[in-house]
There are 2 protein chains.
Amino acid sequence: MPSVKLAAIPTTAPKKFGKDNTKERLTAILGELDDLQNLMYAEHKHSLLVVLQGMDASGKDGVIRDVFGTMNPMGVRVQPFKAPTPEEADHDFLWRIHQHAPAKGMIQVFNRSHYEDVLIQRVHNWIDVKTAYKRFNAINDFEKLLVQHNNTHILKFYLHVSAEAQWARLEERTKDPRKMWKYNEKDFAEAKLHKEYRKAYEDVFKYCNDVPWVIVPADHNWYKEYVIAKTVLDTLKSLKMKFPKLNGGKNNADKKP
Amino acid sequence: MPSVKLAAIPTTAPKKFGKDNTKERLTAILGELDDLQNLMYAEHKHSLLVVLQGMDASGKDGVIRDVFGTMNPMGVRVQPFKAPTPEEADHDFLWRIHQHAPAKGMIQVFNRSHYEDVLIQRVHNWIDVKTAYKRFNAINDFEKLLVQHNNTHILKFYLHVSAEAQWARLEERTKDPRKMWKYNEKDFAEAKLHKEYRKAYEDVFKYCNDVPWVIVPADHNWYKEYVIAKTVLDTLKSLKMKFPKLNGGKNNADKKP
C-alpha cells in the first residue's frame with residue numbers, strides 16, 4: 001500500500017449512508033452471510049480468516065457479536081489474543097497465532113492478532129525498529145503460508161476511530177453498569193497514545209499489505225458493521241462455492257473442522 | 001547447497017573410525033551433552049530443534065534412544081510425525097509442525113518432519129512439482145521464523161543408508177521377535193522406491209538448505225550416532241551459554257518450558 005495518512009481518512013460514515021437505511025442493508029447482508037457460511041462449511045474447501053484490529057473501544061467486540069453472531073457457531077470460531085502467557089512468550093510470536101488458523105470450511109475471527117506484536121510492542125518501545133521490520137517480513141511470510149497452502153482467504157480490518165469517539169466510549173465504560181466489566185484502568189493511559197498508535201498502524205499498512213488492509217470508519221457502529229459485513233459477503237461470493245454432490249456417502253458431514 | 005549426488009557419498013564409516021574407539025568417543029560426548037542440555041534449560045535463552053530424516057530403517061529411532069535418551073527428559077521432547085490426522089489435513093502442512101517448535105531452553109527432536117510433505121508426497125505424486133516448490137519456500141520461511149524469532153538452532157540430519165543395508169534391516173524386522181513390532185507391510189514396497197526417495201532428498205538439499213543439512217553415513221549405527229552427537233555438541237558449545245546469576249529469586253527454575 002502507498003503511504004497511508006490516517007488523519008486524512010474520515011472516521012465517520014459517508015453522507016449517503018444514513019443510519020436507518022444502512023442498518024436495513026446490514027440486515028439483508030446478514031441473511032446472505034448465514035447461507036454462505038453454511039455453504040463454505042459444506043464445501044469444505046476454503047476457509048476465511050478475519051483479523052480485527054483497532055484501538056481500545058474501537059468496536060471490535062461489537063462487530064463479532066453483530067456480524068458473526070448471527071452465523072452458525074459450528075462453523076465460526078473467535079479467538080482473542082491478549083498479553084502472551086509464559087508458555088506463549090517462550091515461542092516465536094506467531095506460534096500461538098498459527099494454532100488458531102482456520103481449518104477448511106471454517107470462519108475464524110481474530111480479536112486482535114499477530115499485529116499487536118508490531119503495535120503495542122512498538123508504541124511502548126518493547127522492541128527495536130530492527131525487530132519490528134523482521135516481524136513485518138515474518139508476518140507476510142505467515143499470511144502467504146495460509147493463503148497458498150490452505151486456501152485461506154484473509155480479511156484484515158482496521159477499525160478507524162477518532163480520538164474523541166474513543167475517549168467518549170471509554171468514559172461510558174466507567175458510567176454504564178452494563179459496560180463497566182470492560183473498563184481497565186490502563187485504557188485511558190493507552191488512549192493518550194492514540195497518535196503514536198496511529199503511526200504504528202501506518203507502518204503496518206505500509207509493510208504488511210501483501211494481504212490488503214481494509215480501513216473501516218468506525219465512529220458509527222452501524223456503518224462499521226455494514227462495511228465489514230459487505231466485505232465478507234463480497235469475498236465469500238467471489239469464491240463460487242458449490243454444495244458437494246452425493247458421493248457414495250463419502251461426504252463431509254462428519255468431518256471434524 | 002550445490003547439487004548433491006547421494007550415490008557419490010559413502011554410507012559407511014570412514015576408515016579411521018573403528019567401532020570401538022568411535023563408541024568410546026560417543027560415550028565421552030554424551031556426558032558433555034548431558035551437562036550442556038542442563039545449562040541450556042537453566043539459561044532459558046536458546047532452543048534446539050533436531051530434525052531427523054531418513055528412509056525406513058535408516059536408524060532414526062536408534063539415534064533418539066542412544067543420543068538423546070541419556071539427557072534429562074524434562075528438557076528434551078520427541079515428536080514423531082506420521083500420516084496427518086483429518087484435523088491436521090484440514091490445515092496448512094506446517095500447522096501441526098509449528099505447534100511442536102521448541103520453547104526456550106528446550107531440545108525438541110522431530111522423528112520425521114515437515115520434509116515428509118516434499119518427500120513421500122512427491123515420490124507418490126500426491127503433489128505436483130509446482131506445489132513442491134511452493135512448499136520448499138514455505139519451509140525456508142518457517143525455519144527462518146524459528147531461527148530469527150525464537151533463538152532456535154536447527155540441526156537437520158539425513159540418515160544416509162544404502163539400499164542393501166536398508167533391505168537387510170527390514171528383513172530383520174520380520175525375524176527378530178524384538179523388532180517385529182516395527183514391521184509394516186508397506187515398508188518393502190517403499191524400500192523399492194529407494195532411488196526415487198534419494199532423488200526427492202537431493203531436491204530437498206538443493207532448495208531447503210538455508211539451514212544446512214548434515215548428511216550422515218548411516219550403515220554403521222555407532223558412526224551415525226557419533227556424528228550426530230558430535231554435531232549437537234559443537235552446536236551447543238558454540239552458544240557460549242552461562243548459568244544465570246542469582247536474581248532476587250526471579251530465576252527460571254519455575255518457568256514452564
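Each value in this text was obtained by applying a stated rule to the coordinates, not by laboratory testing. Because the structure is predicted, anything quoted here is derived from the model rather than measured. Positions of Cβ are generated from backbone atoms using ideal geometry, with glycine treated the same way; all protein chains shown enter the neighbour counts.
Any lysines with Cα under 22 Å of the B:LYS192 Cα? List them, leaving off those in the same chain fewer than 8 positions away.
In chain and number order, the partners are B:LYS5, B:LYS60, B:LYS82, B:LYS175, B:LYS179, B:LYS182.
Through the Karplus equation 6.51 cos²θ - 1.76 cosθ + 1.60, θ set to phi - 60°, convert the phi angles of segment B:110-127 into ³J(HN,Hα) values in whole Hz; use x for Gly and Pro.
Couplings: 9, 8, 6, 6, 4, 5, 4, 6, 10, 10, 4, 5, 7, 4, 9, 6, 6, 10 Hz.
Evaluate the charge dipole of the protein assembly as shown about its Cα centre and quote only its size in Debye, nearest 20, assuming +1 on the Cβ of each Lys and Arg and -1 on the Cβ of each Asp and Glu.
Values: 82 positive and 66 negative charges, 72 e Å.
With only Lys, Arg, Asp and Glu charged at Cβ, the dipole is about 340 debye.
Using all C-alpha to C-alpha distances in segment A:39-128, build P(r) with 5 Å bins and read off the rounded percent in each one.
3, 12, 22, 21, 18, 13, 7, 3, 1, 0
How long are the three semi-axes of the equivalent ellipsoid of segment A:120-178, in whole Å, if each is the root of 5 times an eigenvalue of the C-alpha gyration tensor, listed from largest down?
On the way: eigenvalues 216, 78, 18 Å².
Here the semi-axes work out to 33, 20, 9 Å.
Note the distances from A:ASP234 to each other copy's matching label point, with points 7 Å along the Cα-to-beta-carbon direction, in nm, sorted shortest first.
5.6
Per-residue Cβ counts within 10 Å, from other chains only, averaged over A:131-144: what number is that?
Working: counts 2, 0, 0, 4, 3, 0, 4, 6, 1, 1, 7, 7, 0, 4.
Shielding by partners across A:131-144 averages 3.
Can you compute the charge dipole magnitude of chain A about its Cα centre, using +1 on each Lys and Arg Cβ and -1 on each Asp and Glu Cβ, nothing else charged? Give it in debye, rounded to the nearest 20.
On the way: 41 positive and 33 negative charges, 116 e Å.
Around 560 debye, computed over chain A.
If amide hydrogens are placed 1.01 Å from N in the peptide plane, which non-local residues have theirs closer than 5 Å to the one on B:HIS220?
B:ALA13
Answer with one residue from B:ALA101, B:LEU119, B:CYS208: the one whose Cα lies farthest towards the positive end of the charge dipole of the protein assembly as shown, charges on Cβ with Lys, Arg +1 and Asp, Glu -1.
B:CYS208
Taking the convex hull of the Cα atoms, report for segment B:137-257 its projected area averaged over all directions, in nm².
On the way: hull surface 45.7 nm².
Mean projected area for segment B:137-257: 11.4 nm², to one decimal.
Let me know the mean shielding of A:92-98 by other chains, meaning the per-residue number of their Cβ atoms within 10 Å of its Cβ.
Details: counts 11, 3, 7, 8, 2, 1, 11.
For this peptide, the per-residue mean of nearby foreign Cβ atoms is 6.
List the distances, in nm to one decimal, from the label point of A:ARG178 to the label points of the same position in every other copy, shortest first, placing each label point 7 Å from Cα along the Cα-to-Cβ direction.
Result, one decimal in nm: 7.2.
How far is it, in nm, from the label point at B:LYS199 to the one at B:GLU32 when both lie 7 Å from their Cα along the line to the Cβ?
Distance between label points: 4.1 nm.
Determine, for B:HIS124, B:HIS194, the number of other Cβ atoms within 10 Å of each Cβ, and report the residues in order from fewest to most. Walk me through the intermediate numbers first.
On the way: B:HIS124 11, B:HIS194 17.
With the sparsest Cβ surroundings first, the list reads B:HIS124, B:HIS194.
For B:HIS153, which sequence-distant residues (separation of 5 or more, or a different chain) have an amide H within less than 5 Å of its own amide H, given hydrogens modelled in the peptide plane?
For B:HIS153, whose amide H was placed from the backbone, the distant partners under 5 Å are B:SER47, B:LEU48, B:LEU49.
Any idea what the dipole of segment A:24-174 comes to, in debye rounded to 20, about its Cα centre with Lys/Arg Cβ at +1 and Asp/Glu Cβ at -1? Write out the running numbers ahead of the final one.
On the way: 17 positive and 20 negative charges, 63 e Å.
Here the size comes out at about 300 debye.
Once phi is turned into θ = phi - 60°, what whole-Hz ³J(HN,Hα) does the Karplus curve with 6.51, -1.76 and 1.60 give for every residue of segment A:8-19, x standing for Gly and Pro?
Going residue by residue, I get 8, 9, x, 9, 10, 5, x, 4, 6, 9, x, 4 Hz, with x marking Gly and Pro.
Quick check: pseudo-label points 7 Å beyond the Cα along Cα→Cβ at A:LYS230 and A:TRP126, how many nm apart are they?
3.6
Among A:GLN166, A:GLN37, A:GLY69, whose Cα sits farthest toward the positive end of the charge dipole of the protein assembly as shown (+1 at Cβ of Lys/Arg, -1 at Cβ of Asp/Glu, about the Cα centre)?
Final value for the positive-end residue is A:GLN166.
Would you mind checking the radius of gyration and Dmax of segment B:186-236 based on alpha-carbon positions, in Å?
13.8, 39
Would you mind giving the mean number of other chain beta-carbons within 10 Å of the Cβ of each residue in B:146-158, as a whole number?
On the way: counts 4, 1, 6, 10, 7, 1, 2, 0, 0, 0, 0, 0, 0.
Per residue, the average neighbour count from other chains is 2.
Work out Dmax and Rg for the protein assembly as shown from the C-alpha atoms and quote the Rg first, both in angstrom.
Rg and Dmax of the protein assembly as shown, Cα atoms, are 26.6, 86 Å.
For A:LEU6, B:LEU94, what's the fewest-to-most ordering of other Cβ within 10 Å of each Cβ? Could the numbers behind the result be given before it?
Values: A:LEU6 16, B:LEU94 24.
Arranged by neighbour count, lowest to highest, A:LEU6, B:LEU94 become A:LEU6, B:LEU94.
From the label point of A:GLY69, set 7 Å along Cα to the beta carbon, how far off in nm is each other copy's matching point, shortest first?
5.7
Compute the distance from the alpha-carbon center of segment A:196-244 to that of segment A:1-77, in whole Å.
If you average the Cα positions of each part, the centres end up 8 Å apart.
With a ≥ b ≥ c the root eigenvalues of the C-alpha gyration tensor of segment A:71-171, is it rounded (a/c under 1.5), prolate (a/b larger than b/c) or oblate?
Details: a/c = 1.73, a/b = 1.14, b/c = 1.52.
In terms of gyration-tensor shape, oblate.
Please turn the phi angles of segment B:231-240 into ³J(HN,Hα) values with the Karplus equation 6.51 cos²θ - 1.76 cosθ + 1.60 (θ = phi - 60°), one per residue in order, whole Hz, x for glycine and proline.
5, 5, 4, 4, 5, 5, 4, 5, 7, 6
Loop only per DSSP, at most 15 neighbouring Cβ atoms within 10 Å: give me the chymotrypsin sites (Phe, Trp or Tyr not before Pro) in segment B:109-159, ordered by residue number. List each step's numbers first, then the result.
Numbers: sites: B:PHE110, B:TYR115, B:TRP126, B:TYR133, B:PHE136, B:PHE142, B:PHE157, B:TYR158; in loops: B:TRP126.
Of the chymotrypsin sites (Phe, Trp or Tyr not before Pro), the ones in loops of segment B:109-159 whose Cβ has at most 15 other Cβ atoms within 10 Å are B:TRP126.
Once you wrap a convex hull around the alpha carbon atoms of chain B, what is its projected area averaged over all directions, in nm²? Don't skip to the answer; put the middle values down first.
On the way: hull surface 61.1 nm².
With the hull built on Cα positions only, its mean projection is 15.3 nm².
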